[in-house]
1. Please quote Rg/Rh for the chain to two decimal places, taking the Kirkwood radius as Rh and restricting both calculations to Cα atoms.
2. Listed highest first by mean packing, meaning other Cβ atoms within 10 Å per residue, what order do 8-14, 20-26 come in?
3. Counting each DSSP H run of 4 or more residues in the chain as -39500 (n - 2.57), what helix-only mean residue ellipticity at 222 nm follows after dividing by all residues, to the nearest 500 deg cm²/dmol?
4. Nearest 10 degrees is fine. How inclined is helix 53-63 to the longest principal axis of the chain, computing both from alpha carbons?
5. Under the definition of Cα pairs under 8 Å and six or more residues apart, what whole-number percent is the relative contact order of the chain?
Amino acid sequence: MIDQVDQSVERTTHSSCDQGAEVVAYTMEDGGHAWPGTTVDQGAGATTSQINAPKLMWEFFAAHSKEG
């Protein structure tokens, strides 16, 4: 499934993976290699403030904990 997060960011979700696994990918149009959500200019190209990479990663891993 592809969701439009904003004009330049798409979220693609694959949720019918084996053993209940899920893959979520964010794609930024014309994006560089900068960390999404950062305000620091790292000279790595375009970024966006429409998503916050650390927050999204935390939410993903919190929702998909591995039972030990």
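Taken together, the values in this text are just the output of simple stated rules run on the coordinates, not laboratory data. Quick caveat, the model's predicted, so the values are computed rather than measured. Please note: Cβ atoms are built from the backbone with ideal geometry, for glycine as well, and neighbour counts cover all protein chains shown.
1. Working: Rg = 13.7 Å, Rh = 13.3 Å.
Ratio of gyration radius to Kirkwood radius: 1.03.
2. Numbers: 8-14: 13.6, 20-26: 12.0.
Ranked from most to least packed, the peptides come out as 8-14, 20-26.
3. Numbers: 1 runs with 11 residues, N = 68.
Here the helix-only value at 222 nm equals -5000 deg cm²/dmol.
4. 10
5. On the way: 86 pairs, mean separation 13.6, N = 68.
Normalised by residue count, the contact order of the chain is 20 percent.
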